[in-house]
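Student: Before we start, here is the structure in question, set down as structure tokens.
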Amino acid sequence: MIKKNDQLVVTIEDIGADGEGIGKYEGYALFIKNTAIGDKVLVKVMKAGKNYGYAKLVEIIEPSPYRVKPRSDKAEKCGGCQIMHIDYAKQLEYKENKVRNCLTRIGGFENIPMEPICGMEEPYYYRNKSQFPVGRNKEGKVIIGFYAERTHSIIDTDHCYIGAGVNGPIIRFMRTFIEEYNIEPYNEKEHMGLLRHILVRVGYTTGEVMVCLVINGRDIPHKKELVEGLCKIPGMKSICLNINTSKTNVILGDEVVRVWGEPYITDYIGQIKYRISPLSFFQVNPVQTHRLYRIALDYADLKGDEVVWDLYCGIGTISLFLARKAKQVYGVEIIPQAIEDARTNAAINGINNVEFFVGAAEEILPKKHKEENIKADVIVVDPPRKGCDQKLLDTIISISPVKVVYVSCDPATLARDLKYLCANGYELKKVRPVDLFGHSAHVETVVLLSHRNCR
Ligand code: SAH
């Protein structure tokens, strides 16, 4: 019987959903952070449940051959890169296996038509968006950096190995600005102080930079000096304030006030231009996103006369990609602001064969299909982690488009949904995982399904 504070030696065999290593002691599974598959480790049990428990790494007895020294010396503590201590090629192998295992175990599939995972050439400095919390440490010094995993204590740093290079000079300037003009960092517990977060967004292709200061107030003193300092940073295009006076751990408030420059920056994915404001959703890894969309487009294999639906379309990124090859695209998204962005993006690209609807995909698709007789030759879905709504899956089955392209950010719900679609007329044709978030445990997958009657 394993109990709290036991010290045990285990070998790590697998990685859990959040990147933690999994080792077994006489069949009992233990989840252990900061371990890699193949590590032989001494651990201390912190919490022992009936079927599994959590343990803390005490000592690495024999390191795994896949263990590497993380580039970031903050990786162990930081919540962002849970598996940076695992060789990148091994990370990719793990992600590919994760998708395969979900499809086998949850989906019940055999002989899965897997294509190799699409990994990054350079899995560093890939993020176009970073949000740095601002605070004070116990000694009262201003600290800016990242939250430690599952906490709100700030790890002070101005260098993140997956963030944009421009973050460093911005953080360094902000530190001196805060100190010099006595700008009070926000204190979450007391709900006091002014500056909560520094949001930085960068256009990967254009090099345009946006700094948005999230404040617990309506204005910030010494704006002239703030603008002067930030404008020395190459690419600076937009300086804004985001008003967030609520006692909440949600980072952004609803209101944005422009301080200097444009209220947005611009970036491209492939040929398509996107306008990004502080509140817009935009994929954080533009290089891999481009590849992901190209795979989706390739799977859709459009000839030019198809009516295509892009469900869960966000700001219409996939819709606009598909529009160049389709007769007509319909995008559906539940957040009205995202649809406003989608329409703007269609307009600035001169794309006219796309129409966007605000609403739940499971409501809009059956309604438009039934009442307005809008057809669907190809349906693309890109749902959040919980996967597709059951009603939507039933609608897809009843409309029975020739192809369904499923873009997923969670292999478990993907496998569940594919199982249902394949029990009702569809066939699994292609599966390709894509790594959008190197050094985290996340994996995206693109899947092509075709209808059995339409071969
Ligand atoms: N395809 C987009 C965004 C995918 S994220 C891109 O690549 O950028 C999933 C999106 O689904 C989110 O924007 C979320 O707001 C939206 N969403 C969640 N539930 C929904 C529903 N029931 N119907 C339509 N959209 C939904």
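Student: Could you grab me the full set of residues in the range 352-363 that are open to solvent by less than 30 Å² (accessible area, probe 1.4 Å) and β-branched (V, I, T)?
Tutor: Residue satisfying the conditions is V354 alone.
Student: I would also like to ask the following. So which of H439, H451 is under 19 Å from the mean Cα position of the chain (by Cα) and more than 16 Å from the ligand (Cβ to nearest atom)? Even if it seems obvious, please write down each step before you answer.
Tutor: On the way: H451 fails: under 19 Å from the mean Cα position of the chain (by Cα).
The unique qualifying residue is H439.
Student: Also: Could you tell me whether any residue of the range 385-398 is away from the ligand (no atom under 11 Å from the Cβ) and open to solvent by less than 10 Å² (accessible area, probe 1.4 Å)?
Tutor: yes
Student: Determine, yes or no, whether I364 is more than 13 Å from the ligand (Cβ to nearest atom), touching a residue at least 12 places away in the same chain (Cβ under 8 Å) and more than 25 Å from the chain's Cα centre (by Cα). Don't jump to the end; show me each part of the working.
Tutor: Values: more than 13 Å from the ligand (Cβ to nearest atom): no; touching a residue at least 12 places away in the same chain (Cβ under 8 Å): yes; more than 25 Å from the chain's Cα centre (by Cα): yes.
Considered against the rule, which asks whether it is more than 13 Å from the ligand (Cβ to nearest atom), touching a residue at least 12 places away in the same chain (Cβ under 8 Å) and more than 25 Å from the chain's Cα centre (by Cα), I364 comes out as no.
Student: Output yes when any residue across the range 345-352 is touching a Gly at 6+ places or on another chain (Cβ under 9 Å) and within 13 Å of the ligand (Cβ to nearest atom), and no when none is.
Tutor: Taking every residue of the range 345-352 in turn, at least one turns out to be touching a Gly at 6+ places or on another chain (Cβ under 9 Å) and within 13 Å of the ligand (Cβ to nearest atom).
Student: Please verify whether the range 23-36 includes one or more residues that are surrounded by fewer than 16 Cβ atoms within 10 Å (Cβ to Cβ) and either part of a loop (DSSP other than H, G, I, E, B) or not basic (K, R) (or both).
Tutor: First, pick out the residues of the range 23-36 that are surrounded by fewer than 16 Cβ atoms within 10 Å (Cβ to Cβ): 24, 26-27.
Narrowing the set further to residues that are either part of a loop (DSSP other than H, G, I, E, B) or not basic (K, R) (or both) leaves 26-27.
Scanning the range 23-36, I find at least one residue that is surrounded by fewer than 16 Cβ atoms within 10 Å (Cβ to Cβ) and either part of a loop (DSSP other than H, G, I, E, B) or not basic (K, R) (or both), so the answer is yes.
Student: Within the range 250-277, count every residue that is closer than 23 Å to A323 by Cα and of a type in the set (K, R).
Tutor: Residues flagged as closer than 23 Å to A323 by Cα and of a type in the set (K, R) within the range 250-277 amount to 2.
Student: Looking only at the range 282-299, filter to residues that are polar (S, T, N, Q) and more than 11 Å from the ligand (Cβ to nearest atom); which one of those is nearest to Y406 (Cα to Cα)?
Tutor: Filtering the range 282-299 down to residues polar (S, T, N, Q) leaves 283, 285, 288-289.
With the extra rule that they be more than 11 Å from the ligand (Cβ to nearest atom), the set shrinks to 285, 288.
Working: N285: 19, Q288: 17 Å.
Checking each candidate, the answer is Q288.
Student: Is at least one residue of the range 204-224 in contact with a strand residue (DSSP E or B) (Cβ under 6 Å, 6 or more places away or on another chain), part of a helix (DSSP H, G or I) and open to solvent by less than 60 Å² (accessible area, probe 1.4 Å)?
Tutor: No, the range 204-224 contains no residue that is in contact with a strand residue (DSSP E or B) (Cβ under 6 Å, 6 or more places away or on another chain), part of a helix (DSSP H, G or I) and open to solvent by less than 60 Å² (accessible area, probe 1.4 Å).
Student: Next up: Would you call K247 within 30 Å of A323 (Cβ to Cβ), more than 24 Å from the chain's Cα centre (by Cα), touching a residue at least 24 places away in the same chain (Cβ under 8 Å) and open to solvent by 40 Å² or more (accessible area, probe 1.4 Å)?
Tutor: Values: within 30 Å of A323 (Cβ to Cβ): no; more than 24 Å from the chain's Cα centre (by Cα): yes; touching a residue at least 24 places away in the same chain (Cβ under 8 Å): yes; open to solvent by 40 Å² or more (accessible area, probe 1.4 Å): yes.
No; evaluated as a whole, the condition is false for this residue.
Student: A further question on this structure: Which ones in the range 364-375 are part of a helix (DSSP H, G or I) and touching a strand residue (DSSP E or B) at 6+ places or on another chain (Cβ under 6 Å)? So that I can check it myself, show each step before the final result.
Tutor: If we filter the range 364-375 for residues that are part of a helix (DSSP H, G or I), which is where we start, we get 364-371.
Within the range 364-375, just I364 meets the criteria.
Student: Quick check on K4: is it under 31 Å from the mean Cα position of the chain (by Cα) and open to solvent by 70 Å² or more (accessible area, probe 1.4 Å)?
Tutor: Values: under 31 Å from the mean Cα position of the chain (by Cα): no; open to solvent by 70 Å² or more (accessible area, probe 1.4 Å): yes.
No.
Student: Collect the residues in the range 7-22 that are more than 28 Å from A89 (Cα to Cα) and open to solvent by less than 40 Å² (accessible area, probe 1.4 Å), keeping them in residue-number order.
Tutor: Taking the range 7-22 as the starting set, the residues that turn out to be more than 28 Å from A89 (Cα to Cα) are 7-8.
Listed by number, the list holds a single entry, L8.
Student: Need the failing condition index for M46 against (1) under 29 Å from I162 (Cβ atoms); (2) modelled with pLDDT under 95, just the number.
Tutor: (2)
The values are calculated or read from the model by the stated rules, or taken from the named source; none is laboratory data. The structure displayed is predicted, hence computed values, not measured ones. Note that we place each Cβ from the backbone using ideal geometry, even for glycine, and neighbour counts take in every protein chain shown. Quick note on the areas: whole protein, heavy atoms, side chains included, nothing else; ligands and nucleic acids left out. Shrake-Rupley method; radii C 1.70, N 1.55, O 1.52, S 1.80 Å.
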